[in-house]
1. Taking only pairs six or more apart or across chains, which ones have beta-carbon atoms under 9 Å, a first residue in segment 36-53 that is closer than 17 Å to HIS91 by Cβ, and a second residue that is assigned to a loop (DSSP other than H, G, I, E, B) and not basic (Lys, Arg)?
2. Take the conditions under 24 Å from SER97 (Cβ atoms) and of a type in the set (A, V, I, L, M) and apply them to VAL10. Does it pass?
3. If I ask for residues that are among the small types (Gly, Ala, Ser) and under 11 Å from the mean Cα position of the chain (by Cα), which ones from segment 1-48 would you list?
4. Name, by its number, the condition in (1) aliphatic (A, V, I, L, M); (2) touching a residue at least 24 places away in the same chain (Cβ under 8 Å); (3) not in a helix (DSSP H, G or I) that does not hold for ILE29.
5. Anything in segment 1-35 that is touching a helix residue (DSSP H, G or I) at 6+ places or on another chain (Cβ under 9 Å) and among the β-branched types (Val, Ile, Thr)? List them, or say none.
6. Of these, LEU52, LEU26, LEU38, LEU8, which one is in contact with a Gly (Cβ under 8 Å, 6 or more places away or on another chain) and not charged (D, E, K, R)?
7. With the structure loaded, tell me whether ARG67 is out of contact with any Phe, Trp or Tyr (no Cβ under 8 Å at 6 or more places or on another chain), modelled with pLDDT of 95 or more, of a type in the set (Lys, Arg) and surrounded by 12 or more Cβ atoms within 10 Å (Cβ to Cβ) or whether it fails that test.
8. If PHE92 satisfies every condition in (1) exposed (fewer than 14 other Cβ atoms within 10 Å of the Cβ); (2) in contact with a Gly (Cβ under 6 Å, 6 or more places away or on another chain) but one, which is the exception?
Amino acid sequence: MIVEHGVLDVRPGQEEAYEAALAEALPFISSSPGFHSLRIVRGIESPSRYVLFVEWESVEAHTKGFRESPAYERWRELTHPFYEPAPQVEHFNLVASE
């Protein structure tokens with residue numbers, strides 16, 4: 001299993017609308033093959049900043065399975081208009097956990 005991590009900067013003043021769009025978008029990612037879990041947390045000191053953590057079966061489940069699907073297009077239509085700048089995501093392997 002791998003973790004997709006992204007810092008999502010939402011245009012200030014758009015947080016409530018973003019969270020509503022995100023709620024609508026969640027089924028599009030969670031129904032994707034290879035998806036395990038998703039967490040998005042919101043900054044306290046920087047309330048327009050969110051951090052995304054998605055657990056996938058593999059990098060390919062994200063990059064090929066989800067990103068090349070119609071579900072991703074809908075996810076992107078709903079969430080990406082709020083980002084400034086566009087988010088950059090990376091994939092990580094778990095090293096330690098408690």
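The values are calculated or read from the model by the stated rules, or taken from the named source; none is laboratory data. A quick note: this is a predicted structure, and the numbers were derived from the prediction, not measured. With ideal geometry, Cβ positions are generated from the backbone for all residues, glycine too; neighbour counts draw on all protein chains shown.
1. HIS36/MET1; HIS36/GLU57; VAL51/GLY43; LEU52/PRO87
2. no
3. Residues satisfying the conditions are GLY6, ALA25, SER30, SER37.
4. (3)
5. Those that are touching a helix residue (DSSP H, G or I) at 6+ places or on another chain (Cβ under 9 Å) and among the β-branched types (Val, Ile, Thr): ILE2, VAL10, ILE29.
6. From the options LEU52, LEU26, LEU38, LEU8, the qualifying one is LEU52.
7. The answer is yes for ARG67.
8. Condition not satisfied by PHE92: (2).
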